[in-house]
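Take a look at the structure below.
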Amino acid sequence: VDLVKSGPDEAIRGQEVIYEIVVINDGNVPLWDVRVSDPQIDFDETIDFLDVGETMTYRVPFIIPEEWSCSVITNWAKVEAWYYGVYEPRECFTQDADCHEIVIVEAELTVIMSGPETAAPGEWVVFQIQIINTGDVWLSSVYFHDLEIWGPIFLGDLDPGQSVNVTVGFYIPEDCTGEFTNTVTAFSMYGGVEVMDSDSWTVIIIDAQPA
C-alpha cells in the first residue's frame, strides 16, 4: 500500500487549508480494513476493501490555529492494511506514511495616521495616512476607510514592504467641542482570512480665533 500526502506550500495562521491524502493499492493482492489516519488534523477513516490498482482520495480541510507559534507545520498521515499472503496462506499486515510541510507566513498591514494637534470648529484639517504591507506576502485589493468621514478608498495591490501615502481633508463640525478622534482602518484578504489594521488621531478642539 502506498500513501501520498500533499497540500499548500505556505499559509497564514487562521487560514483554512486543504490536505489531499491519496491511498493506492500498488501491490498484487487485495487489501481490507485499510485504516487512514492523521491525528494532527483529526482525520481517521477505514476502507473496507481496496482492490489491486484501486485508489482512494481524501480532501481534508484544516484551519491552522491562531495560537500555533511554529514557523513550519510538519504533518504526517499513515495507512495500515491487511492482506492474505500469496506465498504464505495467512493474514499479513502492511503500512505506509507520508508527511507534508507548510511554511507559516505573515500577512500584515500597518496603518500610521497623523494630523494637526489642534483645530477650531469649522476649520479644514488635513490628515496624513500611510498604509504599509509589513508582512512577507503580496496583498491584493487593499483599501481603507473611515466610517465617520470617508467611504472606502481603494489602493490596489501591495508587495511586501511597499507603502502608500494618502492625504485627506475634513471640516471639523461646527458643533464639535473637546476633542475629535478620527480612526482609519485598512483591509485586505489573504487565503480567505481578513487582514486589517487601524490607527487613530485626536485633534484638540479650541475656540475659533476672532477675525
Please determine whether any residue of segment 70-82 is over 30 Å from Leu158 (Cβ atoms), aromatic (Phe, Trp, Tyr), buried (at least 16 other Cβ atoms within 10 Å of the Cβ) and modelled with pLDDT under 95. no
Here is a check on your reading of the model: is Ile47 modelled with pLDDT of 95 or more, open to solvent by less than 50 Å² (accessible area, probe 1.4 Å), of a type in the set (A, V, I, L, M, F, W, C) and in contact with a Gly (Cβ under 9 Å, 6 or more places away or on another chain)? no
Yes or no: Ile18 open to solvent by less than 50 Å² (accessible area, probe 1.4 Å) and in contact (Cβ under 8 Å) with a residue 24 or more places away in the chain? no
So which of Asp197, Asp175, Asp146, Asp157 ends up being charged (D, E, K, R) and touching a residue at least 60 places away in the same chain (Cβ under 8 Å)? Asp197
Unmet criterion (only one of (1) closer than 30 Å to Phe170 by Cβ; (2) of a type in the set (D, E, K, R); (3) modelled with pLDDT under 95) for Glu88: (1)
Checklist (1) more than 14 Å from Leu109 (Cβ to Cβ); (2) in contact (Cβ under 8 Å) with a residue 24 or more places away in the chain applied to Gly151, failing item: (2)
Considering only residues that are touching a Phe, Trp or Tyr at 6+ places or on another chain (Cβ under 8 Å) and either open to solvent by less than 50 Å² (accessible area, probe 1.4 Å) or not in a strand (DSSP E or B) (or both), which ones fall in segment 174-187? Asn182, Val184, Thr185, Ala186, Phe187
Give me a count of the residues in segment 129-148 that are modelled with pLDDT of 95 or more and exposed (fewer than 15 other Cβ atoms within 10 Å of the Cβ). 3
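The values are calculated or read from the model by the stated rules, or taken from the named source; none is laboratory data. Given the structure is predicted, the values throughout are model-derived calculations rather than measurements. FYI the Cβ positions are ideal-geometry reconstructions off the backbone, even for glycines, and counts take in every protein chain you see. Please note that ligands, DNA and RNA were not included when accessible areas were found on the heavy atoms of the full protein model with its side chains. Shrake-Rupley method; radii C 1.70, N 1.55, O 1.52, S 1.80 Å.
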